[in-house]
1. Using a Cα-Cα cut-off of under 19 Å, which aspartates and glutamates could be cross-linked to residue 84, ignoring same-chain neighbours fewer than 8 residues away?
2. Convex hull over the Cα atoms of segment 132-180, averaged projected area in nm²?
3. Net charge near residue 105: determine it from the other residues with C-beta under 15 Å of the C-beta of residue 105, scoring Lys and Arg +1 and Asp and Glu -1.
4. Kindly provide the trypsin sites (Lys or Arg not before Pro) of segment 102-198 that DSSP labels as loop, not H, G, I, E or B, and whose Cβ sees at most 16 other Cβ atoms within 10 Å.
5. Give me the accessible area per residue for segment 97-188, probe 1.4 Å, as a whole number in Å².
6. Which shape class, rounded, prolate or oblate, goes with segment 77-149 when its Cα gyration tensor gives a ≥ b ≥ c as root eigenvalues, a/c under 1.5 marks rounded, and past that a/b bigger than b/c marks prolate?
Amino acid sequence: MGGKYRITGNTYPRMRRPRHRRKLVLSVAAAVVALGLAGWGTLQLIDVFTGGNKQANAADRPRVCPSASAAAPAKALPKPATIKVNIYNATPRSGLAKAAADELKKRGFAIGKVDNAPAAYDKKVPGTGMLLGGPTAMNGSFPVLATQLPGAAQKTDARRTADVDLIIGTKFKAFSTPAAAASALTALTKPAPAPSSC
């Protein structure tokens with residue numbers, strides 16, 4: 001070109017790439033990243049809900065069903081005759097400890113002391129009663145005696161003897177019926193059932 005528009009020497013017009021190409025490249029890159037993340041998230045969700053490879057591996061292995069002998073053994077609990085129970089009345093009603101002792105004796109328990117509750121518990125047992133004994137009673141005498149008086153509180157002390165105290169509370173009305181107590185005791189001594197997943 002001639003005149004004032006003629007290009008001479010190193011002088012030349014600077015040309016820029018159209019900006020829309022840069023935007024297009026960035027948009028495509030962002031879309032690829034977004035699709036990748038969405039696919040990865042979908043795979044993670046599928047693994048969570050189907051168990052992933054663990055599920056597949058478990059399906060490949062043969063299922064082994066536990067036999068009846070694999071069930072937990074029956075729990076060994078003491079017989080009522082071997083449990084010595086001291087009975088204390090913590091209520092204002094007179095004669096309650098004696099009546100309770102007579103009833104438990106009929107049901108096979110060994111009876112120890114029968115008296116009013118000591119000052120620490122007198123009129124201070126709000127429920128049906130409290131079972132008090134040494135640490136070993138928690139898994140031995142307490143469950144057996146609790147079948148006669150459901151809902152009784154259980155507390156251990158520092159005694160080393162095997163006897164337990166039954167402190168009758170203000171809400172006490174009667175012991176469980178012999179049939180209900182026997183049923184509860186049978187349920188306690190039953191072995192835990194084996195898992196029924198087969």
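1. Leaving aside aspartates and glutamates fewer than 8 places away in the same chain, those within reach of residue 84 are 102, 103, 115, 157, 163, 165.
2. Working: hull surface 14.2 nm².
Result: 3.6 nm².
3. Value of the local net charge: +3.
4. Values: sites: 105, 106, 107, 113, 123, 124, 155, 159, 160, 171, 173; in loops: 107, 123, 124, 159, 160, 171, 173.
Hits after loop and neighbour filter: 107, 123, 124, 159, 160, 171, 173.
5. 53
6. Numbers: a/c = 2.04, a/b = 1.38, b/c = 1.47.
Oblate, because a/c is 1.5 or more while a/b does not exceed b/c.
The values are calculated or read from the model by the stated rules, or taken from the named source; none is laboratory data. Here the structure is a predicted model, which is why all the values come from computation and not from measurement. Reconstructed Cβ throughout: ideal geometry from the backbone, glycine too, with neighbour counts over all protein chains shown. All accessible areas refer to the heavy atoms of the entire protein, side chains included, with ligands and DNA or RNA removed. Shrake-Rupley method; radii C 1.70, N 1.55, O 1.52, S 1.80 Å.
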